[in-house]
Each structure stands twice: as C-alpha cells, then as structure tokens.
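The values are calculated or read from the model by the stated rules, or taken from the named source; none is laboratory data. Being a predicted model, the structure only gives us computed values, none of them experimental. A quick note on method: Cβ atoms are made from the backbone with ideal geometry, for glycine too, and the neighbour counts reach across all protein chains shown. Each accessible area value is taken on the protein alone, full model and side chains, heavy atoms only, with ligands, DNA and RNA left out. Shrake-Rupley method; radii C 1.70, N 1.55, O 1.52, S 1.80 Å.
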Amino acid sequence: MRNYKKLGRALLLLALPLIALILNGCSTQLKQSALDPKGPVAQMQYDVMMLTLVVVTALFIVVGGVMAYTVWRYRLRKGDDPNEIPDQSHGNPLIEVGLIVISAVMLVIIAVPTLKGIAYMKNDPVEDYKGEAIEVIVTGHQWWWNFEYPELGIKTSNELNIPVGRPVKLVLKAADVIHSFWVPKLAGKTDLIPGQINRMWIEADEPGMYWGQCAEFCGDSHAYMLFRTIAMEAGDFEAWVEHQRSAPIEPVEAIAITGKKLFTEKGCIGCHMVGPVGGMVGPDLTHFGSRSTLAAGWQENTIENLREWIQHPEKVKPGNLMYLGVGSMPGIKQIRKEKGLSDEEVAAMADYLHTLK
Ligand code: CUA
C-alpha cells in the first residue's frame, strides 16, 4: 500500500510540470495562437471548438464521475469474500435507452454548428459581401510563399498584405510538394496540393501583423517556411498596392550599383525577378527592401542577417535551392564553388537588395 502511495506521489510530481507546459500552449499571448481569433472565420472556428469542448467536458465529468463512484462504492472491503460472485442482472432498459438519446442529442448539439461552420468557410464570401472580396493566388514552394493578386496585377513573396474588414479569397496551389497554409489568428489550415486547387478565405478585423506557418511537413526547412499576413486600413492598402506597381528603385550609391551588377553576374537574376527582369524560381525581389523579414519570414530583414543569408544560405535554411542550385541551370552552388563570393561582394549585394524598397 505504501509503495502505491509513493508511486502516486512521484507520478503527480512528474505530471505537474508537464501539465504546466501543456497549459502554456493555451496562452493567447502567443504569436500563433488559435485561441485569439482576429477575424470572422477564426472566430467561427473558435466558437465551434469551445462549444465542443464544453459538451465533451460535461460528458467526461458525468461518465468519469459515475465510473469513479462505482469503483469506490463497490470496492473489495475487509471481510468480503473475493471469490463471491456479485448479483447478476440484465441491465436497465430505461437507463440504456436514456443514454443513447442523451448521446444523440449531444452529437446534434455539436454537429449543427459544425456543419454550418463548414458551409460558411466553403461558401464564396462574395455572395455575403457584395463583391468586395479580393483574390490572392497563394503558391507554396520549398520553402517560401508566392502571393499573386490577379485583379490588382501585382505579386509579392512571404508577406501577404490584405485590407482590414474585407474578405480575401485564397486560391491555394503548390509548386513542388504538399504544403499547408495556416494563419492561426485568421483561420484554420488548408493544404496546398500539387496539381490541385484548394480554396479558403480569410478576413482580419483589425490592422496588425499575423504570423503564418506552413503546417504540413515538406522537407528540410519546413519549420522555416513562415510568412506574415499584414492587415492594413483601406487607404494604407491602396498605397501599398500603388507602391508594388512602381518600378524597382535604381541604386545611386557606388556600392549598391556594384551590388546590382554582381546580382546579374553571379546568376541571382536567373531565379529572382527584379521588376520585369529575372527568373521565377525564387521569390520576387522587386520591393524586397520594404519587407520586414527575409528567408520566408524566418529572420528580420536586417543588413547583417541579409549578408549571412547570401553568404551561408545552407546554414540559415538547410536544403534551400539558393544553396543547392537549380535543376539544369549552372547552379548557384557551382558558381560559388568556382568563383566564390567575397565579403565585399556579399556586402555590395546586400546593400543593393536593401535599396529595393
Ligand atoms: Cu511547406 Cu511545410
């Protein structure tokens, strides 16, 4: 008996930090908390989840309570004969039917809002919003995001800018393997699947930066496949769109001009677009300097981080194409091996990229 008590105490001691750790995940202060909804889709999903939680918690308390009481009430006591068989009965039809009915009612309580919620998510928000929605084509790449606004004629990478209070219809595509689009504060996740188009919509109630993350394992740097959703007031969003339409800024300082030359010479332009020129294998860099992050939201867009990213991409994001080189093209890795990049060259390129506001 004493051993059992010791074991129980030890288990409790072990369980307490674990419970604290798990409960910490419920903090609404976290950047990727689904418990802090900031848009109608996330709010609906949150409400369904809370309703389900209430129903299953009630069930757990009733069923667990009855079970615990029964175990305690009919335990083996001093003086009982352990070989004696208890009274055998055939159950109670009233209780059995009652339990089935109660279970069915509880399922209906959960199912109705769930089905309504699925329809709300899947329906085209334009019907409800009289055509005020905007459309963004989201393409997942290993390991970055491309955002194209077909109606507005602009595209950007890794930072999804949206207007506040307007639904944004997302057309989800994958360029290579399966990814998953997830901005916990705005909506649940939807997979991006090669050869298939999936759809969802989001809307932000208030301006702010909402953290996004690829939520489907997609290779080496899956954990670093982040993005930001930046919700802006209508006027700010229009200004942003205008700015995105503008031509890339021409460098004026000598070092940045050198950087621009190197950007072409070293082959970067083969994969990255700047304005109308360049390849489309990597993120569009036309207005790279105006983004707050680099390497798909993985790091702050500071000059030091940018230099490190250009010089040692494999350290910053293992497995990325900037390091490995691309298909039949000469490959950046080859260029690096043959010509290398001096610290001065890296600094010049970083300066140039930062002029691209
Ligand atoms: Cu893309 Cu994980």
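Tell me the strands (runs of 3 or more DSSP E) entirely within the stretch 124-233 that contain at least 1 residues that are more than 16 Å from the ligand (Cβ to nearest atom) and not assigned by TED's automatic domain parsing to the domain that holds residue 299.
Details: elements: 134-141, 144-149, 154-157, 159-163, 168-174, 179-183, 187-192, 198-202, 208-214, 226-232.
Strands (runs of 3 or more DSSP E) meeting the threshold: 134-141, 144-149, 154-157, 159-163, 168-174, 187-192, 198-202, 208-214, 226-232.
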Over the stretch 244-279, the set of residues exposed (fewer than 13 other Cβ atoms within 10 Å of the Cβ) and in contact with a strand residue (DSSP E or B) (Cβ under 9 Å, 6 or more places away or on another chain) is 245
Condition first: surrounded by fewer than 19 Cβ atoms within 10 Å (Cβ to Cβ), at pLDDT 75 or above and charged (D, E, K, R). Now tell me which residues in the stretch 312-344 satisfy that.
314, 315, 343, 344
Which ones in the stretch 250-295 are hydrophobic (A, V, I, L, M, F, W, C), over 33 Å from the mean Cα position of the chain (by Cα) and assigned to a helix (DSSP H, G or I)?
254, 255, 256, 257, 262
Determine, yes or no, whether residue 231 is of a type in the set (Gly, Ala, Ser), at pLDDT 85 or above and more than 15 Å from the chain's Cα centre (by Cα).
yes
Can you list residue pairs whose Cβ atoms sit under 9 Å apart, with the first residue in the stretch 211-228 being closer than 16 Å to residue 190 by Cα and the second being near the ligand (Cβ under 7 Å from one of its atoms) and open to solvent by 40 Å² or more (accessible area, probe 1.4 Å)? Count only pairs 6 or more apart in sequence or on different chains.
218/142; 222/142; 222/216; 225/142
Determine, yes or no, whether residue 356 is at pLDDT 80 or above, under 21 Å from residue 228 (Cβ atoms), open to solvent by less than 10 Å² (accessible area, probe 1.4 Å) and touching a His at 6+ places or on another chain (Cβ under 7 Å).
yes
